[in-house]
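All remarks here apply to the structure that follows.
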Amino acid sequence: PEIFSSFSAKNNSVCKSKPKRVSLLPAGLPTCSPELGAALCGEAAARSTAATCPPPQLPAAYTPPPQPRATSLSTPSSPASHPIARRRSRSRHRDSAAPPITAALRVQPVSPPPFMPPSSHSPAASHPCHETSRAFSNITQKRLRHRCLQATLDTGLGLLLPGEEDASGMTRRQRTLIQIATFLKRELPVRLARRVIELNQLPEGLDAMPSVIRVREWYEQSFVEIRRSKKPVDAEGEAEFCELLHNIYQRHAPTLVTMARGVHELRQKLRAERGEKYDLSDAAPIHGFLDSFYMSRIGIRILIGQYLELHHETQPEGYVGLINRSTSPAFIAEQAMADATYLCERTHGDAPEVLIEGATGCTFTYIPSHLYYCLFELLKNSLRAVCETHGVDGEMPPIKVVIASGEQNEDVVIKVSDEGGGIPRSHMPRIFSYLFTTATPAFDSGSSIFSSAGDHGTDSPLAGLGYGLPISRTYARYFGGDLNIMSMEGYGTDAFLHLSRLGNRSEPLP
């Protein structure tokens with residue numbers, strides 16, 4: 001959105017040169033696509049082919065009626081008291097050939113300050129590009145509401161409902177769902193809009209990669225759909241909102257692999273420009289963006305997934321949405337072991353034994369899918385390392401999963417220990433870099449078996465994506481945990497997964 005100065009402040013005449021453009025938006029705000037403008041502001045936006053507003057037409061010149069000359073420049077009611085009018089009055093004596101200017105132009109104030117929307121009579125006020133950009137600008141100024149695991153659990157149990165009696169006759173479960181839907185209606189557009197702005201400002205040209213553009217379009221579409229949806233104030237509106245979020249949840253399922261493909265596209269482009277030895281794993285700005293992007297994505301997935309799971313009439317014992325109040329690390333480790341062993345056998349023909357030791361009977365409140373992802377990735381790495389170091393025809397030492405926990409412990413700690421030859425010390429600073437892998441890169445190998453159903457599963461390759469460790473650490477850190485790697489080159493590697501059992505750590509949103 002732009003405004004155009006339509007007259008010269010120097011000689012009191014209409015400008016004959018090209019109108020000067022003055023931007024009212026903050027630096028870095030993304031320009032909108034015609035499709036996004038159409039969704040926010042109506043079908044008229046679909047006819048717009050540029051992301052800037054057209055210049056307004058100047059009013060036809062006419063001779064104003066004669067007015068009495070002001071006797072004093074200090075009179076508040078006199079148009080000449082305006083500072084611009086005083087400058088024009090002085091310039092009239094220097095340029096008597098200048099055409100007359102209307103009284104409306106003489107008393108028109110200077111351009112409004114940044115972030116102030118233009119007045120309703122301005123042709124740019126109703127332009128879809130202005131409305132779309134203003135929507136992004138306004139929505140990103142709102143404060144995010146950080147959530148912790150305990151608050152998410154209490155909300156799902158209906159413990160945070162208002163204390164007053166409900167006169168509408170709705171059940172406690174219906175009121176809980178409407179409360180969560182109302183929160184998501186306010187919160188999700190803020191988080192989505194911030195990601196859209198970030199995806200338009202990526203370093204090294206990452207924002208121009210086709211896969212990244214596809215992800216940005218998903219976020220834009222979801223933002224528009226939620227903003228246009230009705231507020232869920234009753235059971236019918238809440239059901240429609242639930243259906244909308246279900247579609248959005250499915251749309252964003254392949255985001256992790258799609259973004260990984262976008263980073264791979266950038267690496268191929270930079271290697272063609274800077275040489276085959278160019279290593280993207282040292283690009284700190286890109287990795288910093290990916291860390292914050294995936295951290296935010298985990299938060300969005302939890303908020304929507306928790307709400308959708310609460311819609312199920314019956315849930316497994318101990319579950320409240322995605323949260324299990326009796327999560328068993330040993331049981332989750334067995335599931336991850338079975339899936340990782342299947343992938344190893346499919347790739348190498350055999351797999352070493354996995355032993356689960358320690359506090360196998362402990363339970364705590366957590367999201368099992370997060371724990372499964374972390375253990376699945378760690379076990380995949382250990383199984384592959386042992387197979388490649390010792391060979392499937394030789395004797396392969398077992399992999400040990402040791403669980404440490406206690407009622408007084410701050411964390412539940414899980415160690416995954418292998419004798420797979422370890423990691424070279426020169427590689428240690430890059431093990432949490434995206435796309436860093438010692439295996440053949442999955443995209444370079446022409447692998448096409450990535451599914452669009454989710455972030456991980458048994459249909460993915462054993463190794464080569466380079467996202468396992470950084471994403472596992474992001475999952476662990478989301479609720480106050482962490483992931484650390486200790487390695488002895490020539491012997492093996494120990495991975496320490498720390499999980500907070502208190503449930504009072506707020507999500508570390510960017």
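Couple of notes before you dig in:
- Only one of Ala239, Ala208 that is among the hydrophobic types (A, V, I, L, M, F, W, C), more than 30 Å from Ala283 (Cβ to Cβ) and surrounded by fewer than 16 Cβ atoms within 10 Å (Cβ to Cβ): Ala239
- Selection within segment 287-305 - of a type in the set (Phe, Trp, Tyr) and open to solvent by 10 Å² or more (accessible area, probe 1.4 Å): Phe289
- Evaluation of His427 against the conditions (1) buried (at least 17 other Cβ atoms within 10 Å of the Cβ); (2) outside any loop (DSSP other than H, G, I, E, B) shows that the sole unmet condition is (1).
- Tyr342 being among the aromatic types (Phe, Trp, Tyr), modelled with pLDDT under 95 and under 18 Å from His498 (Cβ atoms): no
- Identity of the residue in segment 470-510, surrounded by fewer than 18 Cβ atoms within 10 Å (Cβ to Cβ) and closer than 28 Å to Leu192 by Cβ, that ends up modelled with the highest pLDDT: Asp482
- Within segment 305-344, tally of residues that are under 19 Å from Gln174 (Cβ atoms) and over 30 Å from the mean Cα position of the chain (by Cα): 2
- Of all residues in segment 368-380, exactly one satisfies the criterion of being touching a strand residue (DSSP E or B) at 6+ places or on another chain (Cβ under 6 Å) and under 14 Å from Phe331 (Cβ atoms), namely Pro368.
- Elements of type strands (runs of 3 or more DSSP E) contained in segment 345-420, each with 1 or more residues being under 31 Å from the mean Cα position of the chain (by Cα): 364-366, 411-418
- Exactly one residue among Glu265, Glu220, Glu276 is among the acidic types (Asp, Glu), touching a residue at least 24 places away in the same chain (Cβ under 8 Å), more than 30 Å from Arg173 (Cα to Cα) and open to solvent by 30 Å² or more (accessible area, probe 1.4 Å), and that residue is Glu265.
- Matching residues in segment 172-206 - criterion: being of a type in the set (Asp, Glu) and over 18 Å from Leu244 (Cβ atoms): Glu198, Glu204
- Condition met for Ile356 (among the β-branched types (Val, Ile, Thr) and open to solvent by less than 20 Å² (accessible area, probe 1.4 Å)): no
- Of all residues in segment 252-284, those that are of a type in the set (Asp, Glu) and assigned to a helix (DSSP H, G or I) total 3.
- Only residues that are among the hydrophobic types (A, V, I, L, M, F, W, C), at pLDDT below 70 and out of contact with any Leu (no Cβ under 7 Å at 6 or more places or on another chain) were counted in segment 403-451, giving 4.
- The number of residues in segment 172-216 being touching a Ser or Thr at 6+ places or on another chain (Cβ under 7 Å) and aromatic (Phe, Trp, Tyr) comes to 0.
- Count of residues meeting criterion [open to solvent by 30 Å² or more (accessible area, probe 1.4 Å) and aliphatic (A, V, I, L, M)] in segment 306-351: 3
- Segment 307-344, residues that are of a type in the set (A, V, I, L, M, F, W, C) and part of a helix (DSSP H, G or I): Leu308, Leu310, Ala330, Phe331, Ile332, Ala333, Ala336, Met337, Ala338, Ala340, Leu343, Cys344
- Here the condition is being at pLDDT 95 or above, assigned to a helix (DSSP H, G or I) and touching a Lys or Arg at 6+ places or on another chain (Cβ under 6 Å); of Tyr219, Tyr249, it holds for Tyr219 alone.
- Filtered by the rule that a residue be touching a Phe, Trp or Tyr at 6+ places or on another chain (Cβ under 8 Å) and free of Cβ contacts under 8 Å to residues at least 24 places away in the same chain, segment 223-260 gives a lone residue, Lys230.
- Residue within segment 360-369 that is surrounded by fewer than 17 Cβ atoms within 10 Å (Cβ to Cβ) and on the phi < 0 side of the Ramachandran plot present: yes
- Of all residues in segment 281-336 being within 23 Å of Ile414 (Cβ to Cβ) and among the acidic types (Asp, Glu), the one that is modelled with the lowest pLDDT: Asp291
The values are calculated or read from the model by the stated rules, or taken from the named source; none is laboratory data. Predicted model, so just to flag it, every value in this text is computed and none were measured. Backbone-built Cβ (ideal geometry, glycine too); neighbour counts: all protein chains shown. Side chains are part of the model used for accessible areas, which takes the heavy atoms of the whole protein and leaves out ligands, DNA and RNA. Shrake-Rupley method; radii C 1.70, N 1.55, O 1.52, S 1.80 Å.
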